[in-house]
Amino acid sequence: MENGLSRTSLGEFLRTRRERLTPVDVGLVSYGRRRIPGLRREEVAQLAHIGTSWYTSLEQGRSINPSEDVLNNIAKALRLTEDERQHLHLLARPVQQDREADQHIPAGIERMIQVLGPHPAFVLGRYWDVLMWNKAAELVFRLPSSVDTELERINWIRYLLTGVGASVESWGTGVKVLIAQFRADYARFPEDARYKELIEEFMQNSQLFREIWPLHEVQAVADHHKRRHDPRIGEMEFEHVTLQPPGNPDLKVMIYTASTDTSVRLQRMLETMEN
């Protein structure tokens, strides 16, 4: 394994996945009360067809090199989702990543963001900084004017946890999902200083982040149907998709395609703002 942080994260991830299961969940017979929650290490090893001491070493973060087949067997034993299975492989067998974050937004994406009209859209960089956004995103998410070049760069996770966005984000479990996606991204850069700084900041300033981060929940980028109410705008409905340019997977293009009724109201408000 590449580094100590990856090994530590791997051990913590395996432990949290093990503790959320019961013997009944995996078809094992349970005898009597248990002092600790979840499966025992020897039970996971049994289900994964590996030695208990070997699995224990893996969960304790020791420097061993599991094969893909072993990792897949562990994923099956722990009933991991596909996103979690991929996360397990990344933690156990880190891939060397480019340490320089490319913040360049292709001209075609810039034009697309601006011409989407009443549909909110913005671009996130590697560290979830908001690199650009359109007028509709400014309206819906109460972002500052995108033409203000003196602004300090907005971090999307910080904005939703502790900034103005904390009062307007009412997407239900939306923030929890974003934190799970942020953790999945962090696994690609476990030694990155900026990621470490952000995590320390969020742990200190956000109770929600302190509650969710130790759970090691991970989720890949996915499309969602979103609804929320804003007293200025009324009930809004969107189809949210995330696009990642093949040439720069560190960029996330976040597009909220508004329903017909929502887009009409947003267009009307945007025209009023311009007049």
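When you check VAL95 against the structure, is it surrounded by fewer than 18 Cβ atoms within 10 Å (Cβ to Cβ) and among the β-branched types (Val, Ile, Thr), yes or no?
Values: surrounded by fewer than 18 Cβ atoms within 10 Å (Cβ to Cβ): yes; among the β-branched types (Val, Ile, Thr): yes.
Considered against the rule, which asks whether it is surrounded by fewer than 18 Cβ atoms within 10 Å (Cβ to Cβ) and among the β-branched types (Val, Ile, Thr), VAL95 comes out as yes.
Take residues that are under 23 Å from GLN181 (Cβ atoms) and among the small types (Gly, Ala, Ser) and tell me which of the helices (runs of 4 or more DSSP H) falling wholly in region 1-89 contain 1 or more.
Values: elements: 4-19, 41-48, 52-59, 68-77.
Answer list for region 1-89: 4-19, 68-77.
For the list (1) within 22 Å of GLY125 (Cα to Cα); (2) in contact (Cβ under 8 Å) with a residue 60 or more places away in the chain, I need the number of the one condition that PHE182 fails.
(2)
Where a number appears in this text, it was derived from the coordinates with a stated rule and is not lab data. The structure presented is a predicted model; accordingly, all values stated were derived computationally and were not measured. When we count neighbours, we look across all protein chains shown, and the Cβ atoms used for this are built from the backbone with ideal geometry, even at glycine.
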